[in-house]
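**Q** Quick one: the structure is below, and I'll ask about it shortly.
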Amino acid sequence: MAKAAKNLYACGECGATAPKWQGQCPGCGAWNTLVETRPEPAATGNRFAALAGASRLQSLAEVEAREEDRLPTGIAEFDRALGGGLVAGGVVLIGGDPGIGKSTLLLQALSHLAVGHKVLYVSGEESGEQVALRARRLGLDTRGLQLMAEINLERILSTLQAEMPTVAVIDSIQTLWSDQLSSAPGSVAQVRECAAQLTRFAKQGGTTLIMVGHVTKDGALAGPRVLEHIVDTVLYFEGDTHSSFRLVRAFKNRFGAVNELGVFAMTEKGLKGVSNPSAIFLSQHGQQVSGSCVLVTQEGTRPLLVEIQALVDSAHSPSPRRLSVGLEQNRLAMLLAVLHRHAGVVCFDQDVFVNAVGGVKIAEPAADLAVLLAIVSSLTNRPLPRALVVFGEVGLAGEIRPAPRGQERLKESAKLGFTVALVPKANAPKHEIPGMRVIAVERIEEALERLRELGSD
């Protein structure tokens, strides 16, 4: 009698296996990523092939470089996040928290595309009746939309090869399973195999494929990270599920700008694009309040105005708290040290809380100056001028470094009615911007001095 094979432990990040559980993955070195799985039987044939098909050896100069025509989805903000629309043969991965609106957005996009193109919606999580009820609730015209409720990969691939749709949606990749593997749907091996087979079909057949992926409680995509490597575009839903606004950010895009942001509002009729997203992130205060500073950040190709709020309060414990929402916490501690060392502003006996309004996550360092000015405003209890916008990176030596695309940021601010801008000296415009006074500074202490002069005007 053959001995039963022992279970293996596979890494959720890289897919490496180990015979027994251990805290650190032997392949990529990540901690606490090994999960129990069953060993796969040896394949009779070679299942692996190139994703884009094999080609002969040729000179790169001989390869015809042609620009692919974009296929608009009918939703302007979704097209913006995609880089202009869908590309033939492109594979898009959309991740997000449960109930944030992934299936709703894709159903709306497919109903628009179904008017002139063959589209297919593969649902592994919902029955056909549930999808039909959602479409009816959203008021969508789904006469040209083909639906398939299936989770077996081989049946899905045979249907795709028979129909050859222009766009296909897989909802979701974690529910699929292949006959080639014995492990359960959602395991590392199944997700990796199903994604590779579907991507190979899309590249060779020219079908645009959109895959939905679940996320973990940390916000990362559930399953192996190799999933993000083989696809062309990775989009993530951001924002608070309790808010009516949804943000779709491009974390990877081979056909467009990375970090591009699409802003949506969740309504009874589905997700609607927001044409002026800066209005969401700017609070409408009845009177001037301290600790509030308007930042001009750059999200992809679009300047965005976001309100940075700071609250500084006396600490009642030996170790003061440093808390930031939407901004990096370690960077906040560094900025407070720079503020003390170079500007003489003491915060070591104060609790400091910083928040980016609207649930947006700001990763760029150009927010440094706005954070410091909001902290100083809250500490001194002096409101900043109402029509002031700020951007600039602060270095450890106290210098204020330039931010990319400074001219576009200033023009967008002037368009929205702001009249004063505090910017790095290297970002000072060569030509005067109508209706805007630009104050260029080189160091943090100079910025605070100019701020005091503005307050006394």
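Every residue, every condition in (1) polar (S, T, N, Q); (2) under 28 Å from MET436 (Cβ atoms); (3) within 28 Å of the chain's Cα centre (by Cα), yes or no:
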position	(1), (2), (3)
LEU327	no, yes, yes
GLN350	yes, no, no
PHE353	no, no, yes
LEU373	no, yes, yes
VAL376	no, yes, no
LEU379	no, yes, no
PHE391	no, yes, yes
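**Q** In addition: If you check every pair at least six apart or on different chains, which have Cβ atoms under 9 Å apart with a residue in the range 393-404 that is closer than 18 Å to THR297 by Cα first and a residue that is part of a loop (DSSP other than H, G, I, E, B) and small (Gly, Ala, Ser) second?
**A** Going by the 9 Å Cβ cut-off, the qualifying pairs are GLU393/ALA403; ILE400/GLY392; ARG401/GLY392; ARG401/GLY395; PRO402/GLY392; ALA403/GLY392.
**Q** Sticking with this structure for a sec: Of the residues ALA135, ALA61, ALA65, which is farther than 23 Å from GLN204 by Cβ, surrounded by fewer than 20 Cβ atoms within 10 Å (Cβ to Cβ), out of contact with any Gly (no Cβ under 8 Å at 6 or more places or on another chain) and not acidic (Asp, Glu)?
**A** One residue alone meets the criteria, ALA61.
Residues are listed down the side, and each one gets a yes or a no for (1) hydrophobic (A, V, I, L, M, F, W, C); (2) crowded, with 22+ Cβ neighbours inside 10 Å; (3) at pLDDT below 90:
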residue	(1), (2), (3)
GLY270	no, no, no
GLY273	no, no, no
GLN284	no, no, yes
SER290	no, no, no
LEU295	yes, yes, no
GLY300	no, no, yes
LEU311	yes, no, no
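**Q** To continue, here is another question. For the range 428-457, give me each residue that is of a type in the set (Gly, Ala, Ser) and either under 26 Å from LEU396 (Cβ atoms) or in contact with a strand residue (DSSP E or B) (Cβ under 6 Å, 6 or more places away or on another chain) (or both).
**A** Once the filter is applied, which keeps residues that are of a type in the set (Gly, Ala, Ser) and either under 26 Å from LEU396 (Cβ atoms) or in contact with a strand residue (DSSP E or B) (Cβ under 6 Å, 6 or more places away or on another chain) (or both), the range 428-457 yields ALA428, ALA440, ALA447.
**Q** Would you pick out the residues in the range 244-276 that are closer than 28 Å to ILE375 by Cα and either in the same structural domain as VAL306 (by TED's automatic domain parsing) or over 17 Å from the mean Cα position of the chain (by Cα) (or both)?
**A** Across the range 244-276, the qualifying residue is only ASN276.
**Q** Would you check if LEU379 is surrounded by 22 or more Cβ atoms within 10 Å (Cβ to Cβ) and assigned by TED's automatic domain parsing to the domain that holds GLY395?
**A** No.
**Q** Does LYS102 count as farther than 28 Å from SER182 by Cβ, in contact (Cβ under 8 Å) with a residue 12 or more places away in the chain and surrounded by 22 or more Cβ atoms within 10 Å (Cβ to Cβ)?
**A** Yes.
**Q** How many of the residues making up the range 159-197 are assigned to a helix (DSSP H, G or I), in contact (Cβ under 8 Å) with a residue 40 or more places away in the chain and not aliphatic (A, V, I, L, M)?
**A** Number of matching residues: 8.
Yes/no per residue for (1) touching a strand residue (DSSP E or B) at 6+ places or on another chain (Cβ under 8 Å); (2) at pLDDT below 85:
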site: ALA52; (1), (2): no, yes
site: SER55; (1), (2): no, yes
site: GLU64; (1), (2): no, yes
site: GLY74; (1), (2): no, no
site: GLU77; (1), (2): yes, no
site: GLY89; (1), (2): yes, no
site: GLY96; (1), (2): yes, no
site: LYS102; (1), (2): yes, no
site: TYR121; (1), (2): yes, no
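**Q** Right, LEU448: in a helix (DSSP H, G or I) and modelled with pLDDT of 90 or more or not?
**A** yes
**Q** Scan the range 341-351 for residues that are part of a helix (DSSP H, G or I) and either within 18 Å of ALA370 (Cβ to Cβ) or outside the structural domain of LEU448 (by TED's automatic domain parsing) (or both) and jot them down.
**A** HIS342, ALA343
**Q** Checking VAL389 against (1) surrounded by fewer than 23 Cβ atoms within 10 Å (Cβ to Cβ); (2) out of contact with any Cys (no Cβ under 8 Å at 6 or more places or on another chain); (3) among the aliphatic types (A, V, I, L, M); (4) within 18 Å of GLN284 (Cα to Cα), only one condition comes out false. Which one?
**A** (1)
**Q** Would you please list the contacts, defined by Cβ atoms under 6 Å and residues six or more apart or on different chains, that run from a residue in the range 417-434 that is not assigned by TED's automatic domain parsing to the domain that holds ILE400 to a residue that is crowded, with 16+ Cβ neighbours inside 10 Å?
**A** Nothing qualifies.
**Q** Looking at (1) surrounded by 16 or more Cβ atoms within 10 Å (Cβ to Cβ); (2) in a strand (DSSP E or B), can you tell me which one PHE251 breaks?
**A** (1)
**Q** Then there is this: Taking the range 258-303, which residues are among the polar types (S, T, N, Q), farther than 23 Å from LEU332 by Cα and assigned to a strand (DSSP E or B)?
**A** THR267
**Q** Still on this structure: From VAL306, VAL354, which residue is assigned to a strand (DSSP E or B), closer than 20 Å to ALA250 by Cβ and either modelled with pLDDT of 90 or more or not assigned by TED's automatic domain parsing to the domain that holds GLY139 (or both)?
**A** Just one listed residue meets the conditions, VAL306.
The values are calculated or read from the model by the stated rules, or taken from the named source; none is laboratory data. Since the model is a prediction, treat every value here as computed from it, not as a measurement. Using ideal geometry, Cβ is built from the backbone for each residue, glycine included, and neighbour counts are taken over all protein chains shown.
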